[in-house]
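Enquirer: My structure is below; once you've seen it, I'll send some questions.
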Amino acid sequence: ISAPIQPGNSGGPLFDNNGDLIGIVSAKHKNAENVGYAIKLSYLKNLIESTDLNISLTSSNSIKSLHLKDKVKSISPMVVMIKANVSTSANYNNADNTSPTDPKISSPKESNQNINNNDVQVKEIYEKAIEAIQNGDNKKAYPYLKQLNEIHKTEESMLLLGYVAASLGDTKIAIEAYDYCYEKGHKIEYVSLELGHLYSEIDSEKAIEYFTKCISINSRNIDAYFSRALLKAKNDRLEAIKDYKQVIKYDGLVEDNFKNRYHIAASYNNIAYGYLCLGVTDSRVNENISAALDHIKFMDFIWDTDGEYAYKIGDYERCINSMNNAIAIAKSNKSKDRANSYLYRGLAYLQLGDSLHAYRDLEIAMEQNDSLARVEIKRINVSSIDFSMEPESKIIKKPTISKNKSTYLTLEAIEQTDDCTILYFTSETTRYPSYSIDEHTYIRDNNTGIKYPLIATENCGISRVQMSTPYRDGKTRFQLYFPKLPAETKTIDFIEPGDSDWKIYGIKLK
């Protein structure tokens, strides 16, 4: 369109000479006079039709014959400005906390320091850097940003440099870049948060100062509260618990994305673990663990907390089951640092008189430098253990099944370990660019009807919890982890809930 557009016109209605609404103004061409853009009316109609609102649209025009001045007078009452507070309980991230990769951030030539539009070199370097970042290649963008800031340094270009340097592990350059922005007062909430993260490993006190600054700007920044609590927990559990309680205060009031779910679930867990460290074993611990698992049940540290709590209240079977989950999830993540899980599972086996399992678990915990395991393993009379009875992992390849509802999902094998049950799948399809499995997927023991929920995955995303996994060459192999099944279980069903066709019935375990 050729109508002049000014900042703030976006979202305004576009009318023709007859007074008919024909579009919504959306943008202005930066390098041309009186060249702008509007969104077609058809898109607005589609938007209205997609809502549950009963909005009647009419094609009749009662102002067509009026003079232009009278048309404007008739239309004006229906054109309004809507002001929105973006820092609400439903979304704690305000504009000052915008990520450097957010498209709302202007380029150096658009910043308040105004680069000369004729500076072709600066423009080209900036565009190359942005293109690399958008393609996920921060390593390629890094030298461009360094060069850009040598010839024309701005708050925006330094913000990008800090973001890229931090992502590549160059802490020194990242701190220098963010410090520059901090001194200039540019995006202080975001910069304070990032400086806090960068200093967390090298100067806890300084990191806490930056997190505190971030919170002073936005009292609902749960990332800052959570990160500050992690540092406080090293010296003062009660002070850390206070910050974790600030995080869970916004449970249900912030956007339900994985980052927020993680912070809230981990905060519930860390409150429970903090109480355990302080010698508390009452209902407060159990309630916080339950809340953590309600949010995310695929984190090994939450199950580990539950296992330790169960041991301390004398529920040794629960301890073993929870530590089984913690160890299985750690295995799916290729993590070996689960000394605490092996320690308490070993102690629980010891309480139940199972010296073989107790010895093996305490031995693993000891290998992972757990000092308590070194003491406890001496309580076991090794000469009384029959090591020939040690259980081995059992793998059933191409198991017999009664019915597979999916035409492209193949159950290749089932592995039954001392910790969990693992189902090996192959999926052959290029129908979807990526996929995730429902977090409520389970296997069912056909003998008892008991359902055993999904606890971890490999090469497969989990809905609302992990990133979905892209298909590779139309064929993907992945593993799903479930709790350990009773020895007497003969057949199971594999069920992904809802209208999914990932359902396999009558899987025989033999």
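Enquirer: Looking at region 434-452, I want the residues that are more than 20 Å from Ser322 (Cβ to Cβ) and of a type outside the set (Gly, Ala, Ser) and have a partner that is open to solvent by 60 Å² or more (accessible area, probe 1.4 Å) and at pLDDT 90 or above with Cβ atoms under 6 Å, at least 6 apart or on another chain. Which pairs are those?
Expert: Arg444/Lys451
Enquirer: For region 205-228, which positions are open to solvent by 40 Å² or more (accessible area, probe 1.4 Å) and not basic (Lys, Arg)?
Expert: If the condition is that a residue be open to solvent by 40 Å² or more (accessible area, probe 1.4 Å) and not basic (Lys, Arg), then Glu205, Ile208, Glu209, Thr212, Ser216, Ile217, Ser219 are the ones that fit.
Enquirer: Only one of (1) touching a His at 6+ places or on another chain (Cβ under 6 Å); (2) surrounded by fewer than 19 Cβ atoms within 10 Å (Cβ to Cβ) is not met by Tyr349, so which one is it?
Expert: The failed condition is (2).
Enquirer: Kindly establish whether Ile450 is over 26 Å from the mean Cα position of the chain (by Cα), open to solvent by less than 30 Å² (accessible area, probe 1.4 Å), closer than 21 Å to Lys510 by Cβ and at pLDDT 95 or above.
Expert: Criteria not met by Ile450.
Enquirer: How about region 1-39: which of its residues are hydroxyl-bearing (Ser, Thr, Tyr), in a loop (DSSP other than H, G, I, E, B) and without any contact (Cβ under 8 Å) to a residue 24 or more places away in the chain? It would help to see each step written out before you state the result.
Expert: Step one: filter region 1-39 for residues hydroxyl-bearing (Ser, Thr, Tyr), giving 2, 10, 26, 37.
Retained after the next criterion (residues that are in a loop (DSSP other than H, G, I, E, B)): 2, 10.
Within region 1-39, Ser10 is the sole residue that qualifies.
Enquirer: Taking into account only those residues within region 67-84 that are among the aliphatic types (A, V, I, L, M) and surrounded by fewer than 10 Cβ atoms within 10 Å (Cβ to Cβ), which is modelled with the highest pLDDT?
Expert: Leu68
Enquirer: Out of (1) on the phi < 0 side of the Ramachandran plot; (2) touching a residue at least 60 places away in the same chain (Cβ under 8 Å); (3) crowded, with 19+ Cβ neighbours inside 10 Å, the odd one out for Lys187 is which?
Expert: (1)
Enquirer: Any residue in region 413-427 that is over 11 Å from Leu485 (Cβ atoms), at pLDDT below 90 and open to solvent by 50 Å² or more (accessible area, probe 1.4 Å)?
Expert: No, region 413-427 contains no residue that is over 11 Å from Leu485 (Cβ atoms), at pLDDT below 90 and open to solvent by 50 Å² or more (accessible area, probe 1.4 Å).
Enquirer: If I filter region 22-42 down to residues being open to solvent by 60 Å² or more (accessible area, probe 1.4 Å) and of a type in the set (A, V, I, L, M), which single residue comes out as nearest to the chain's Cα centre (by Cα)?
Expert: Once the filter is applied, the top-ranked residue is Ile39.
Enquirer: Taking the condition of being among the acidic types (Asp, Glu) and either outside any loop (DSSP other than H, G, I, E, B) or crowded, with 18+ Cβ neighbours inside 10 Å (or both), how many residues in region 479-510 meet it?
Expert: The total comes to 2.
Enquirer: Among the helices (runs of 4 or more DSSP H) contained in region 243-341, which hold 2 or more residues that are open to solvent by 10 Å² or more (accessible area, probe 1.4 Å), hydrophobic (A, V, I, L, M, F, W, C) and over 20 Å from Ile364 (Cβ atoms)?
Expert: 258-277, 283-295
Enquirer: Next up: Here are the criteria: (1) in contact (Cβ under 8 Å) with a residue 24 or more places away in the chain; (2) farther than 28 Å from Cys277 by Cα; (3) not basic (Lys, Arg). Tell me which single one Tyr199 does not satisfy.
Expert: Unmet condition: (2).
Enquirer: Just to be sure, is Thr476 farther than 25 Å from Ala292 by Cβ, open to solvent by less than 50 Å² (accessible area, probe 1.4 Å), under 26 Å from the mean Cα position of the chain (by Cα) and at pLDDT below 95?
Expert: Criteria met by Thr476.
Enquirer: OK, next. Answer yes or no: is there a residue in region 86-102 that is buried (at least 16 other Cβ atoms within 10 Å of the Cβ), among the β-branched types (Val, Ile, Thr), modelled with pLDDT under 75 and not in a helix (DSSP H, G or I).
Expert: So the first thing to find is which residues in region 86-102 are buried (at least 16 other Cβ atoms within 10 Å of the Cβ), and the list is 87, 92-94, 96-98, 100.
Going one step further and asking which of them are among the β-branched types (Val, Ile, Thr), we end up with 98.
If we keep only those that are modelled with pLDDT under 75 as well, we get 98.
Checking which are not in a helix (DSSP H, G or I) leaves us with 98.
Checked region 86-102: at least one residue is buried (at least 16 other Cβ atoms within 10 Å of the Cβ), among the β-branched types (Val, Ile, Thr), modelled with pLDDT under 75 and not in a helix (DSSP H, G or I).
Enquirer: Which residues, taken from region 196-225, are among the polar types (S, T, N, Q) and not in a helix (DSSP H, G or I)?
Expert: Ser200, Asn218, Ser219, Asn221
For every residue, the table says whether it meets (1) over 30 Å from Lys234 (Cα atoms); (2) within 28 Å of the chain's Cα centre (by Cα).
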site: Ile125; (1), (2): yes, no
site: Asn138; (1), (2): yes, yes
site: Asn149; (1), (2): yes, no
site: Lys153; (1), (2): yes, no
site: Leu159; (1), (2): yes, yes
site: Gly162; (1), (2): no, yes
site: Gly185; (1), (2): yes, no
site: Val191; (1), (2): no, yes
site: Leu198; (1), (2): no, yes
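Enquirer: While we're on this one: In this structure, is Ile395 free of Cβ contacts under 8 Å to residues at least 40 places away in the same chain, under 26 Å from Ala487 (Cβ atoms) and open to solvent by 90 Å² or more (accessible area, probe 1.4 Å)?
Expert: Yes; evaluated as a whole, the condition is true for this residue.
Enquirer: So which pairs qualify, if the first residue must be in region 472-485 and farther than 26 Å from Lys394 by Cβ, the second must be open to solvent by 10 Å² or more (accessible area, probe 1.4 Å) and at pLDDT below 95, the Cβ gap must be under 6 Å, and the two must be at least 6 apart or on different chains?
Expert: Gly474/Thr430; Lys475/Glu428
Enquirer: Here are some residues: Ile202, Ile271. Which one is aliphatic (A, V, I, L, M) and modelled with pLDDT under 95?
Expert: Ile202
Enquirer: Just checking, which of Leu193, Leu160, Leu231 is aliphatic (A, V, I, L, M), closer than 30 Å to Gly279 by Cβ, out of contact with any Lys or Arg (no Cβ under 8 Å at 6 or more places or on another chain) and open to solvent by less than 20 Å² (accessible area, probe 1.4 Å)?
Expert: Leu231
Enquirer: Take the residues in region 135-152 that are among the charged types (D, E, K, R) and surrounded by 15 or more Cβ atoms within 10 Å (Cβ to Cβ), then tell me which one is farthest from Gly196 (Cα to Cα).
Expert: For region 135-152, the residue satisfying everything is Lys140.
The values are calculated or read from the model by the stated rules, or taken from the named source; none is laboratory data. Just so you know, these numbers come straight off a predicted model, no measurement behind them. A quick note on method: Cβ atoms are made from the backbone with ideal geometry, for glycine too, and the neighbour counts reach across all protein chains shown. Please note that ligands, DNA and RNA were not included when accessible areas were found on the heavy atoms of the full protein model with its side chains. Shrake-Rupley method; radii C 1.70, N 1.55, O 1.52, S 1.80 Å.
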